Amino acid sequence: MSNVPEGPAESRLEQVSRILIDDSSRVPVLIWFTSSVIWLLLGSLAAMISSIKLHHPDFLGGIEWLTFGRIRPVHLDIVFFGWSSMAAVGALLWLQARLCHVRLPWPLLLSGLAMVWNVGVVVGSVAVLAGHGSSIEYLEFPAYCAPFFAVPALGVLAANVKMYLGKNSQHTYVSQWYLLAATVWLPILYVTAMLCTYFGLVQGVSQAITNWWFGHNALGLWVTPIAVATAYYLIPKVTGRPVHSYHLSLLGFWSLAIFYNWAGTHHLTGGPLPAWTITVGVVGSMMMFIPVITVAINHHMTMRGVFHMLKTSPTLRFTVFGSFMYTVASFQGSLEALRSHQEITHFTQYTIGHAHLGLYGFFSMIMFGAMYYIFPRITNNEWSSARLIKVHFWGSSIGVLAYGIGLCWAGWWQGLMMNDPSIPFLQTVEYVKPYLILRSVSGAGMTIAHIAFAISVWRILSRHHFVMSGPTLFTTERPAWREFVNEQNKREEMAQ
Amino acid sequence: MNRTFLVILGAFLTIAFSLSGLVLIPNWQFQEHKPVVNPRDGSQYPAPYYGLALQGRDVYVDQGCAYCHTQQVRPKGYGGDIRRNWGNRRTVARDYMYEYPILLGTMRTGPDLANIGARQPARDWHYLHLYNPQITSAGSVMPRYQYLFRTVKAGELVPAGAIPLPAAFQAEGTHIVPTARGEQLVEYLRAQNRTFPLPEAKQ
């Protein structure tokens with residue numbers, strides 16, 4: 001393993017080979033990424049509907065397809081399968097090709113698999129809206145959707161292994177371990193969980209354990225390693241500094257692999273299970289301090305002395321924000337697993353707040369960072385407007401912080417009130433309402449951010465918005481979009 | 001090169017290990033669960049759902065009730081479940097031996113339903129609550145499930161099955177009757193009764 005993705009003194013040959021590598025991953029990565037951005041918008045829409053319904057239950061009230069019990073799981077599934085997983089696959093294909101110094105194999109097949117995956121999300125979402133969901137969190141999509149995800153997941157695994165085996169780089173970088181392991185974990189997790197859930201392989205409360213074995217691991221062993229791998233790549237790459245410690249990154253990887261997959265049962269604390277199954281989950285969650293602290297030290301120490309770059313680089317600012325939130329959300333998650341903590345916060349909005357600090361504050365922010373880095377490299381274009389990126393960053397970061405802190409605060413008190421039988425239950429409902437409105441407001445902020453991001457993505461993909469001069473930093477001034485188009489038109493007229 | 005297989009093998013083993021430990025072994029342990037026979041009438045507990053209640057479970061699932069309601073009672077001294085009268089004892093694995101899918105839930109936007117059938121045995125309460133939660137629980141954020149009911153114009157005559165709406169919620173000359181799905185859901189809710197004593201659930 002080397003400490004830097006690629007050496008600082010770069011030969012002309014390396015530059016050329018990198019162009020060829022990016023060229024090979026262009027089409028598949030663009031399809032996975034663009035699809036994920038479209039799902040991000042649809043996921044935000046489903047989120048807004050669900051959120052508003054929680055404080056105004058009559059909003060769109062008469063429409064059975066949009067009832068809370070359907071639109072809320074659709075939000076979760078679109079965000080998990082559509083946005084998170086597709087963004088993760090895009091990032092992983094691009095990263096692995098770069099890190100292995102090989103051209104991406106089977107670009108057509110991998111593009112086709114993205115479309116298969118998309119079909120799965122569409123079919124699954126419509127099924128849930130039509131009332132065919134299973135009410136099993138993260139596995140709501142009916143059994144017939146499984147092949148749409150299992151087959152592409154295996155295809156991505158195969159491509160990943162092929163790149164890894166045929167790699168031209170002499171060293172293995174820590175990111176590659178995470179990426180490889182994640183692609184091994186996803187198909188095993190998904191196929192096993194679907195078989196157990198839909199084909200009656202397990203009965204009674206084992207179904208609930210399977211549910212959380214999958215639900216927790218899908219986050220911790222699929223999207224988390226990919227985001228950690230991405231941050232491990234982007235932070236040294238943008239700052240030009242080597243990763244702080246090789247040994248720590250090794251420890252971080254293996255401790256994640258060993259401990260994370262036992263943690264899921266903390267979702268069932270106090271439930272109808274043998275106590276030891278919960279205890280195992282609590283221990284697993286506590287041991288997660290090891291990988292989290294190692295990653296935190298490594299990322300933070302790599303940034304030491306170059307924090308000023310956060311002012312200018314969008315990629316770095318999103319990634320470092322996400323990396324920081326990884327530490328915060330993971331610490332919170334480990335503590336949350338304790339029985340004394342769960343007694344209060346289980347079954348409350350606290351869990352929802354935590355989930356968003358993790359999947360949004362950590363994972364999504366790093367994916368945004370990755371996209372700000374990767375899109376220009378595979379489109380040979382630049383981001384059209386620093387202002388849009390600013391709207392995106394501030395909408396997302398302030399939005400998720402207000403969301404997370406607001407709901408965790410509300411959930412804590414909601415839990416204390418719920419545990420006090422002298423307080424009528426409906427009073428807990430009344431107490432949470434203002435925070436639910438805060439949730440809609442912060443969710444709107446995040447949605448605006450996503451729209452700004454989608455406009456940026458559309459412009460970088462569109463031939464009408466060629467931006468040739470240098471990367472777009474937060475400090476970059478570009479002519480307004482309208483002027484651009486006019487200039488473009490003038491140029492075209494002159495050419496004629 | 002060996003490292004590749006080390007990572008793949010390691011990833012595989014870690015996940016296989018936790019699958020066995022958390023899912024397969026407990027599942028094998030639970031196989032020995034047997035229902036208890038009630039000495040008074042010879043009925044068994046737990047019993048599988050049947051009839052309308054069984055159909056009602058599908059309505060419960062398709063409406064996504066589980067996203068706001070749990071079906072589990074935590075032990076005495078852990079949370080306020082028993083003191084809130086959501087159950088007379090904690091629920092244990094055996095309570096769920098026939099549940100497929102299991103609907104434990106993770107969120108209590110609304111109260112726990114593990115024993116809602118024991119707490120609210122009356123059908124009409126459920127119908128009113130589903131038709132408009134504000135009738136029975138003012139301030140609730142539960143949606144109105146009016147599509148589980150149909151409106152009948154009946155003038156003076158009260159059609160069979162019409163729910164006893166308070167005057168303020170009833171339009172002149174119309175009556176509200178539950179649809180088949182509404183009836184199924186209510187029977188399912190009324191079947192939620194996990195009060196039968198089990199030896200392993202002393203708390």
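The values are calculated or read from the model by the stated rules, or taken from the named source; none is laboratory data. Just so it is clear, the structure is predicted and the values come from calculations on it, not from any experiment. Cβ: placed from backbone, ideal geometry, glycine included. Neighbour counts: every protein chain shown.
I'd like to know if the stretch B:52-65 contains one or more residues that are crowded, with 21+ Cβ neighbours inside 10 Å and touching a Lys or Arg at 6+ places or on another chain (Cβ under 7 Å). Yes: one or more hits. Note on the stretch A:232-286: residues that are among the aliphatic types (A, V, I, L, M), within 14 Å of chain B (Cβ to nearest Cβ) and more than 21 Å from the chain's Cα centre (by Cα) total 10. On the given criteria, is B:Gln63 at pLDDT 95 or above and under 17 Å from A:Ile136 (Cβ atoms)? Here the answer is yes, as B:Gln63 does meet what is asked. Between B:Tyr67, B:Tyr96, B:Tyr60, B:Tyr78, the distinction of being among the hydroxyl-bearing types (Ser, Thr, Tyr) and over 17 Å from A:Leu268 (Cα atoms) belongs to B:Tyr60 only. A:Val89 meets the conditions (1) touching a residue at least 12 places away in the same chain (Cβ under 8 Å); (2) of a type in the set (Val, Ile, Thr); (3) over 26 Å from A:Tyr232 (Cα atoms); (4) assigned to a helix (DSSP H, G or I) in every case but one. The failed one is (3).
Out of the residues in the stretch B:106-156 that are among the aliphatic types (A, V, I, L, M) and surrounded by fewer than 19 Cβ atoms within 10 Å (Cβ to Cβ), which is nearest to B:Tyr45 (Cα to Cα)? Top of the filtered list is B:Ala118. Considering the conditions (1) of a type outside the set (D, E, K, R); (2) surrounded by fewer than 21 Cβ atoms within 10 Å (Cβ to Cβ); (3) in contact with a helix residue (DSSP H, G or I) (Cβ under 9 Å, 6 or more places away or on another chain); (4) modelled with pLDDT under 95, A:Pro187 is excluded by exactly one of them, (4). Any residue in the stretch A:377-395 that is in a helix (DSSP H, G or I) and either within 14 Å of chain B (Cβ to nearest Cβ) or touching a strand residue (DSSP E or B) at 6+ places or on another chain (Cβ under 6 Å) (or both)? No: the stretch A:377-395 contains no residue that is in a helix (DSSP H, G or I) and either within 14 Å of chain B (Cβ to nearest Cβ) or touching a strand residue (DSSP E or B) at 6+ places or on another chain (Cβ under 6 Å) (or both).
Inside the stretch B:157-194, residues that are touching a Gly at 6+ places or on another chain (Cβ under 7 Å) and of a type in the set (Ser, Thr, Tyr) make up a count of 1. Each residue in the stretch A:403-427 was checked for being under 28 Å from the mean Cα position of the chain (by Cα) and either under 30 Å from A:Glu477 (Cβ atoms) or hydroxyl-bearing (Ser, Thr, Tyr) (or both), and 1 of them qualify. When each of B:Val36, B:Val92 is tested for being touching a residue at least 60 places away in the same chain (Cβ under 8 Å), of a type in the set (Val, Ile, Thr) and facing chain A (nearest Cβ under 8 Å), the lone residue that passes is B:Val92. Number of residues in the stretch A:166-211 that are under 18 Å from B:Ala66 (Cβ atoms), touching a Leu at 6+ places or on another chain (Cβ under 6 Å) and not aliphatic (A, V, I, L, M): the value is 1. Among the conditions (1) closer than 22 Å to A:Ile52 by Cβ; (2) within 14 Å of another protein chain (Cβ to nearest Cβ); (3) not acidic (Asp, Glu), the only one that A:Ala402 does not satisfy is (2).
Within the option set A:Tyr164, A:Tyr144, A:Tyr246, A:Tyr198, being touching a residue at least 40 places away in the same chain (Cβ under 8 Å), surrounded by fewer than 22 Cβ atoms within 10 Å (Cβ to Cβ) and farther than 23 Å from A:Thr327 by Cβ holds for one residue only, A:Tyr198. A:Gly404 falls short on exactly one of the conditions (1) buried (at least 23 other Cβ atoms within 10 Å of the Cβ); (2) closer than 21 Å to A:Val282 by Cβ, and that condition is (2).
Looking at (1) free of Cβ contacts under 8 Å to residues at least 60 places away in the same chain; (2) within 11 Å of chain A (Cβ to nearest Cβ); (3) of a type outside the set (D, E, K, R), which is the one condition that is false for B:Tyr50? The failed condition is (2). It is to be established whether one or more residues within the stretch B:78-86 are closer than 25 Å to B:Glu32 by Cα, surrounded by 24 or more Cβ atoms within 10 Å (Cβ to Cβ) and within 13 Å of another protein chain (Cβ to nearest Cβ). No, there is no match, as no residue in the stretch B:78-86 is closer than 25 Å to B:Glu32 by Cα, surrounded by 24 or more Cβ atoms within 10 Å (Cβ to Cβ) and within 13 Å of another protein chain (Cβ to nearest Cβ). Which residue is farthest from the chain's Cα centre (by Cα), if the candidates are limited to the stretch B:139-161 and must be farther than 15 Å from A:Leu54 by Cα and within 14 Å of chain A (Cβ to nearest Cβ)? Checking each candidate, the answer is B:Thr151.
Just so you know, in the stretch A:139-161 the residues that are within 11 Å of chain B (Cβ to nearest Cβ) and part of a helix (DSSP H, G or I) include one that is farthest from A:Asp77 (Cα to Cα), and it is A:Val161.
Just one residue in the set A:Thr183, A:Thr172 is more than 18 Å from A:Thr224 (Cα to Cα) and within 12 Å of chain B (Cβ to nearest Cβ); that residue is A:Thr172.
Kindly indicate the residue of the stretch A:106-133 that is within 14 Å of chain B (Cβ to nearest Cβ) and buried (at least 21 other Cβ atoms within 10 Å of the Cβ) and also modelled with the lowest pLDDT among those meeting that condition. Here the residue is A:Gly133.
Taking (1) in a helix (DSSP H, G or I); (2) surrounded by fewer than 22 Cβ atoms within 10 Å (Cβ to Cβ) in turn, A:Ile423 satisfies each apart from (1).
For the stretch B:96-118, name all the residues that are at pLDDT 95 or above and charged (D, E, K, R). B:Arg108, B:Asp112 - these are the residues of the stretch B:96-118 that are at pLDDT 95 or above and charged (D, E, K, R). Screening the candidates A:Ser330, A:Ser384, A:Ser396 for the property of being within 30 Å of A:Pro107 (Cβ to Cβ) and surrounded by 21 or more Cβ atoms within 10 Å (Cβ to Cβ) yields one hit, A:Ser384.
Here's the yes/no breakdown for (1) surrounded by fewer than 22 Cβ atoms within 10 Å (Cβ to Cβ); (2) closer than 30 Å to B:Glu32 by Cβ:
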{"position": "A:Gln170", "(1), (2)": "yes, no"}
{"position": "A:Thr183", "(1), (2)": "no, no"}
{"position": "A:Trp212", "(1), (2)": "no, yes"}
{"position": "A:Gly220", "(1), (2)": "no, no"}
{"position": "A:Pro225", "(1), (2)": "no, no"}
{"position": "A:Leu234", "(1), (2)": "no, no"}
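Note on the stretch B:62-117: residues that are of a type outside the set (Ser, Thr, Tyr) and in contact with a His (Cβ under 9 Å, 6 or more places away or on another chain) total 15. Looking at the structure I just gave you, is A:Leu195 within 9 Å of chain B (Cβ to nearest Cβ) and either more than 20 Å from the chain's Cα centre (by Cα) or assigned to a helix (DSSP H, G or I) (or both)? So A:Leu195 fails the test.
Against the test of being buried (at least 24 other Cβ atoms within 10 Å of the Cβ), at negative phi and not in a helix (DSSP H, G or I), the options A:Gly264, A:Gly322, A:Gly284, A:Gly271 yield a single qualifying residue, A:Gly271.
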